[in-house]
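The values are calculated or read from the model by the stated rules, or taken from the named source; none is laboratory data. Since this is a predicted model, take the numbers as computed values, not measurements. Quick reminder, even Gly has a Cβ in these numbers, built from the backbone with ideal geometry, and neighbours come from all protein chains shown. Heads up: the accessible areas ignore ligands, DNA and RNA and are worked out on the full protein's heavy atoms, side chains in. Shrake-Rupley method; radii C 1.70, N 1.55, O 1.52, S 1.80 Å.
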Amino acid sequence: MTINGVGGFAEEAAEAGVQWLLQPRGNGRDGREHFQHTVVEGVALADYEDVLGDAAPRLAECFPGDAVARFWGATPAAHDWHPKAKAIRDSEVGDEVLFYNSWKFIARATIVHKFRNERLAARLWGTDEESGATWQHMIALGDVVQFEAEARPLLDSINVSGALRGLTLVSAEKRLAYIRERGMPWSPRTSLGGFPSPRNPTTEPAPSLGERELLSAFTALRTHTRPDGPSLHKPLALLWSLGRLTEGKARLAPWSDFEREVGGLLSEFGGTGSRATPHYPFWRLRGDIWEVEGVPGDVSDPGPEALRRADAKGGFVDEAARLLRKARVRAKAVRVLSSTYFDADTMPLVLEQVGLSGYLNASGHTTSEATDTSADDTETPSGPVERRTVVSARPTRNPKLVKNVKQWHRSICQVCSTPLEGLLGPFSEAAHIQGLGTPHEGPDHTSNMLCLCPNHHTQFDGLAIYIDAQWNVRRTTDDEVLFELRLDPQHRIAQEHVAYHRLLCGKDD
């Protein structure tokens with residue numbers, strides 16, 4: 001039984017970056033009813049709009065119109081070191097969930113959004129009778145498929161000797177090894193590791209597209225060369241499409257949207273003497289990473305009017321979109337495209353226009369968030385300045401985690417070890433290594449935090465400094481070692497978040 005996916009999210013894909021999240025359904029009545037209610041049947045977002053909170057805009061994009069929304073959740077883990085805590089923390093959008101019950105896997109789904117919401121969880125499932133906790137660590141699901149498959153082979157491969165008792169994350173490497181050991185073809189259009197696929201099993205397998213192939217395609221675009229440099233039509237189109245994916249929109253864009261918005265980008269950034277011809281990249285990007293739907297097969301090079309008549313849609317192929325919905329791969333793609341095809345002066349302007357300026361810093365704050373563009377330069381009389389109401393949505397931070405990090409380090413900067421005294425005592429700031437929310441999608445967890453002084457917090461967020469694999473703090477421009485990061489045994493810092501920050505600084509491992 002297949003339950004349709006929503007919001008244009010990719011269906012089956014088996015590339016190397018996808019993890020498995022093994023999720024027990026629960027044997028009792030509550031587990032059965034919760035699974036049936038919010039995974040199989042789904043719910044209408046409109047019935048819960050008063051408790052959606054900051055997740056509302058993204059969920060509306062994941063489940064547009066009257067689409068049924070599907071959710072699952074987990075209660076908080078008792079300890080940071082527990083496998084459940086790792087599964088909650090390290091699972092990502094694009095990973096696959098395998099639901100387990102009574103020695104069998106009974107369904108699979110794709111994570112299309114991760115968020116934390118106690119009120120929504122309580123409304124959907126109530127509270128756990130033993131702990132009183134809610135299933136507040138929530139995932140929104142697409143591409144849900146019900147089936148039955150023996151769980152023992154997979155559980156044996158990850159050294160689970162008995163029944164699956166709790167939320168467990170299987171790394172992308174172990175997932176890939178399992179698939180290969182079982183002799184399954186490495187193809188995004190076949191069933192995964194013996195588990196059924198919602199696609200027609202007779203579909204011709206397509207070649208695999210991995211992260212390396214995707215990034216290589218971005219660096220090897222065939223562009224027309226003008227006297228002032230290569231044409232920017234294709235890079236601009238790809239960055240615009242990446243911006244759409246970052247916002248959670250469907251991978252295929254209607255020609256009308258592409259023509260209007262990419263046409264505007266070409267007029268502004270296309271270069272001296274370059275014509276705004278968005279139909280060129282829309283059609284000529286077709287290949288391993290891009291596809292166009294709706295155009296009859298006998299049309300060889302459609303112009304704008306032909307694309308309108310065909311109601312054409314274009315964008316990344318399924319496999320490319322699946323990869324690019326993962327924060328780490330998307331960050332690499334943005335850096336490759338922007339650094340390969342745009343100069344240092346133009347790059348931030350382009351990224352701002354396509355909704356990707358969050359990649360210019362580690363916090364993810366966009367230029368528009370940091371700059372008030374509504375004010376004028378008129379001087380005002382002395383006295384209090386006028387105030388205006390500003391409505392914004394920011395990721396929710398857990399103040400207990402901030403307090404823990406500061407206490408562990410006694411509010412002393414981990415970079416320079418300089419204590420700062422304020423009126424109320426020592427002063428420091430808790431900095432997230434991989435920024436919260438869009439576009440970086442980092443977790444609000446102590447393993448993703450540093451205790452910094454304001455100066456080094458600003459430099460870290462601004463990508464002026466980075467931390468290497470040996471915990472040295474280096475200057476980004478010349479890699480000079482400035483400090484050794486001060487560590488504390490109580491504070492475990494996850495290397496994957498530090499590596500993500502290095503990636504933003506252009507320092508891939």
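Annotation: amide H of residue 484 within the under-5 Å range of 473, sequence separation 5 or more or interchain, hydrogens built in the peptide plane.
Can you pull the percent of region 47-168's accessible area that's carbon plus sulfur, 1.4 Å probe, other chains left in place?
Of all accessible area on region 47-168, carbon and sulfur atoms account for 48 percent.
Here the Karplus relation 6.51 cos²θ - 1.76 cosθ + 1.60, evaluated at θ = phi - 60°, turns the backbone of region 291-307 into coupling constants of 9, 10, 10, x, 8, x, x, 8, 8, 9, 8, x, x, x, 5, 5, 5 Hz, with x for every Gly and Pro. Accessible surface computed residue by residue for region 35-115, with neighbouring protein chains in place and a 1.4 Å probe, gives 39 Å² per residue. Treating each Cα of region 66-140 as one equal point scatterer and applying the Debye formula with no solvent, the log10 of I(q)/I(0) at q = 0.12, 0.15, 0.23, 0.27 Å⁻¹ comes out as -0.36, -0.57, -1.25, -1.36.
Reported to the nearest whole Å, the Cα centre-to-centre distance from region 439-509 to region 66-95 is 25. Annotation: per residue accessible area for region 467-509 equals 53 Å², rounded to a whole number [probe 1.4 Å, protein chains only]. For region 426-479, the fraction of C-alpha pairs farther apart than 16 angstrom is 47 percent.
Round to a whole angstrom and tell me the spacing of the C-alpha centers of region 257-301 and region 114-145. Centre-to-centre (Cα) distance: 42 Å. Put simply, the amide H of residue 462, placed in the peptide plane, has neighbours under 5 Å in 362, leaving out anything fewer than 5 places away on its chain. Ranked by the mean number of other Cβ atoms within 10 Å of their residues, highest first, the peptides 160-168, 350-358, 135-143 fall in the order 135-143, 350-358, 160-168. Legend: distances between Cα atoms for 86/326; 234/332; 114/332; 84/249; pairs beyond 19 Å are 114/332; 84/249. Amide H contacts of residue 437: 442, each under 5 Å away and 5 or more positions distant or on a separate chain (H built 1.01 Å from N in the peptide plane; Pro and chain starts excluded).
Given the Cα-Cα distance of residue 133 and residue 103 and 0.36 nm per residue of separation, how much length would full extension add, in nm?
Details: separation 30, 0.36 × 30 = 10.80 nm, distance 2.65 nm.
Going from the current span to full extension adds 8.2 nm.
Backbone geometry of region 256-261 corresponds, through the Karplus equation with coefficients 6.51, -1.76 and 1.60 at θ = phi - 60°, to 3J(HN,Hα) couplings of 4, 5, 4, 4, 5, 7 Hz, x marking Gly and Pro. Using θ = phi - 60° in the Karplus curve 6.51 cos²θ - 1.76 cosθ + 1.60, the 3J(HN,Hα) couplings for region 61-78 round to 6, 5, 10, x, x, 9, 4, 6, 9, 10, 9, 9, x, 9, 6, x, 6, 5 Hz; x is entered for Gly and Pro.
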